[in-house]
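Structure record follows, encoded as structure tokens.
The values are calculated or read from the model by the stated rules, or taken from the named source; none is laboratory data. All values reported here derive from a predicted model rather than from experimental measurement. In this analysis, Cβ positions are derived from the backbone assuming ideal geometry, glycine residues included, and neighbour counts consider all displayed protein chains.
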Amino acid sequence: MSDKTLTCRDCGASFVFTESEQEFYSSKGFTNEPSRCPECRAARKQNQASSGGGGFSGGSSSSFGARRERQMFPAVCAQCGQETQVPFEPRGDRPVYCSACFESKRSDRSPW
């Protein structure tokens, strides 16, 4: 590996993607080279932090950061028989518990 000169997609400036940066990217499993210079990357991170984005925006049509409503499924608790809602679709091969029974079973197993 050797240093590479890349062009920033935002400002058009040339910047060096050093051998050590390439090794770091590789160690993290990244396959793409950076497309922004360090200054534009820092400015973009600052913009995201100040706008409350905090994470990857992924483009204008992305819904990252917007919390989706969790789909709930009806179930009957295997311990107390109460009707409840769970965040997964019960398959019938394992018992399903209401929140109270689940917590009591979990605290029974606690090593503390």
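Per-structure values
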| item | result |
| --- | --- |
| The range 15-61, subset farther than 28 Å from Met1 by Cα, polar (S, T, N, Q) and exposed (fewer than 11 other Cβ atoms within 10 Å of the Cβ), residue modelled with the highest pLDDT | Gln46 |
| Those residues of the range 75-84 which are surrounded by 11 or more Cβ atoms within 10 Å (Cβ to Cβ) and either over 17 Å from Glu103 (Cβ atoms) or in contact with a helix residue (DSSP H, G or I) (Cβ under 6 Å, 6 or more places away or on another chain) (or both), in sequence order | Val76, Cys77, Gln79, Cys80 |
